[in-house]
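Below: the structure, in structure tokens.
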Amino acid sequence: MIHKFIKGSNPLKPTLLLLHGTGGDENDLLPIGKLIDGEANLLSVRGEVIENGMPRFFRRLAPGVFDEQDLMYRTSQLHDFIDKASKTYDFDRGDLMAIGYSNGANIAANMLLQIPFSLRGAILMHPMLPRKEGTVPELKQTQVLITAGNNDPIVPIQSTQALKKVLDDHGALVSLTWFNFGHKLSSEEIQFIIKWYNQSVIQHPKQFN
Ligand code: MLT
């Protein structure tokens with residue numbers, strides 16, 4: 001997969017997996033990744049599905065209606081890519097935090113719902129419930145922050161709440177925070193995310209290898 005890897009200065013920090021929104025690429029979230037943790041490795045990946053010239057991480061049938069078969073296939077592919085990247089770039093595969101926005105948040109959420117022990121945690125910015133069915137692994141001790149806009153024209157409030165519920169029901173430690181914005185990220189939201197990351201991730205040892 002097309003990607004950028006930027007080696008961090010502190011090997012004790014998690015590696016941040018950065019996943020862009022529809023129409024973005026591997027450059028989009030690098031500035032946010034650096035703001036969240038200026039010492040961590042950054043692995044930023046470009047989605048391989050092209051919709052009207054716009055990169056995405058999986059196919060959709062209509063806005064908000066996902067091709068769930070493709071979603072599952074692409075999630076496994078991304079997971080395999082991360083496994084290989086951890087060897088190529090020599091980072092701790094068990095200490096990976098996903099940071100995704102919109103379509104990137106949706107595939108990160110699905111990775112948690114589909115593949116056991118795939119992520120130490122995730123920051124999901126404006127996600128939806130990515131798929132309605134399927135068994136979900138135990139997510140005990142997985143730290144998840146969901147940020148959402150209460151005027152988001154793309155993400156229905158119920159879908160964000162349904163995602164929180166399924167993560168909660170499988171043992172993840174989920175925090176959901178609403179902002180008075182739409183689908184775009186705000187600086188208030190980024191500041192909140194940085195605070196949460198320092199309090200909930202950096203001050204807690206990782207739970208599995
Ligand atoms: C998706 O397709 O993943 C969501 O609708 C968000 C987006 O527009 O990318």
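Every number here is computed from the coordinates shown, using simple stated rules; none is lab data. These numbers were taken from a predicted model, which means no experiment stands behind them. Virtual Cβ from ideal backbone geometry, glycine too; neighbours counted across all protein chains shown.
Within the stretch 27-44, how many residues turn out to be within 18 Å of LEU124 (Cβ to Cβ) and of a type in the set (Asp, Glu)? Going through the stretch 27-44 one residue at a time, the tally reaches 2.
Restricting attention to the stretch 161-180, which residues are touching an Asp or Glu at 6+ places or on another chain (Cβ under 7 Å) and either in a loop (DSSP other than H, G, I, E, B) or among the aliphatic types (A, V, I, L, M) (or both)?
HIS170, GLY171, VAL174
As a summary of the residue check, LEU185 satisfies the conditions (1) farther than 20 Å from ARG60 by Cβ; (2) within 14 Å of the ligand (Cβ to nearest atom); (3) assigned to a strand (DSSP E or B) except for the one numbered (3).
Restricting attention to the stretch 3-25, the residues that are within 15 Å of ILE82 (Cβ to Cβ) and away from the ligand (no atom under 16 Å from the Cβ) add up to 7.
Of the residues making up the stretch 33-47, those that are buried (at least 21 other Cβ atoms within 10 Å of the Cβ) and either touching a residue at least 60 places away in the same chain (Cβ under 8 Å) or among the small types (Gly, Ala, Ser) (or both) are GLY33, ILE36, ASP37, ALA40, SER44, GLY47.
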